[in-house]
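The structure appears below as structure tokens.
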Amino acid sequence: LVQSVCSLAGVTIFCCAFVMGLGPIPNIICSEIFPTPVRGLCIGLCGAAMWLCNIGVSQAFPLLQARFGLAGVFAIFCTMSVISWLFVFLKVPETKGLPLEVICDIFALSAKQQQAARVHED
């Protein structure tokens, strides 16, 4: 009974932390980075890609567990979560309170700067 309660509490805490942390980041980014004329289509494609990735993780879990053990699988997931957090912290601009047009300009300017840097390197 104690293990069941601890398991339930752990899953509940994880879900709450995920929803308040990295969980909504992909949906927020998808809704902000695409220009208005194609936003609906692109959000749909991003949603499909996220579900395909969820299926991939679900299907890979038993294979990974057989190869690396439960602790190894969760170490892999932990490493990926830390890498994801670092990416969001370092590369995703703060867009709180900005209108979508300004956000589109921010991402367009960033893309132009990256393209200019690549051209300059060549």
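The values are calculated or read from the model by the stated rules, or taken from the named source; none is laboratory data. Computed from a predicted model, the values in this text were never measured in an experiment. Heads up, the Cβs are rebuilt from the backbone with ideal geometry, glycines too, and the neighbour counts pull from every protein chain shown. Accessible surface is based on the protein model in full, side chains and every heavy atom, while ligands, DNA and RNA are left aside. Shrake-Rupley method; radii C 1.70, N 1.55, O 1.52, S 1.80 Å.
Conditions (1) loosely packed, with under 11 Cβ neighbours inside 10 Å; (2) modelled with pLDDT of 80 or more, marked per residue:
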site: 13; (1), (2): yes, yes
site: 53; (1), (2): no, yes
site: 58; (1), (2): yes, yes
site: 87; (1), (2): no, yes
site: 95; (1), (2): no, no
site: 120; (1), (2): yes, no
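Residue pairs whose Cβ atoms lie under 9 Å apart, separated by 6 or more positions or on different chains, with the first residue in the range 59-83 and under 16 Å from residue 10 (Cβ atoms) and the second surrounded by fewer than 13 Cβ atoms within 10 Å (Cβ to Cβ) and of a type in the set (Lys, Arg), are 73/67.
Residues are listed down the side, and each one gets a yes or a no for (1) out of contact with any Pro (no Cβ under 8 Å at 6 or more places or on another chain); (2) among the hydroxyl-bearing types (Ser, Thr, Tyr); (3) closer than 30 Å to residue 101 by Cα; (4) loosely packed, with under 10 Cβ neighbours inside 10 Å:
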{"position": "21", "(1), (2), (3), (4)": "yes, no, yes, no"}
{"position": "25", "(1), (2), (3), (4)": "yes, no, yes, no"}
{"position": "37", "(1), (2), (3), (4)": "yes, no, yes, yes"}
{"position": "74", "(1), (2), (3), (4)": "yes, no, no, no"}
{"position": "80", "(1), (2), (3), (4)": "yes, no, no, no"}
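Restricting attention to the range 39-51, the residues being more than 15 Å from the chain's Cα centre (by Cα) and open to solvent by less than 50 Å² (accessible area, probe 1.4 Å) number 3. Restricting the first member to the range 90-106 and to residues that are over 17 Å from residue 25 (Cβ atoms), and the second to residues that are surrounded by 14 or more Cβ atoms within 10 Å (Cβ to Cβ) and of a type in the set (Val, Ile, Thr), the beta-carbon pairs closer than 9 Å and six or more apart or on different chains are 102/95; 104/33.
For the criterion of being without any contact (Cβ under 8 Å) to a residue 12 or more places away in the chain, open to solvent by 60 Å² or more (accessible area, probe 1.4 Å) and outside any helix (DSSP H, G or I), residue 112 fails. Checked against the criteria, residue 7 counts as open to solvent by 60 Å² or more (accessible area, probe 1.4 Å) and of a type in the set (Gly, Ala, Ser).
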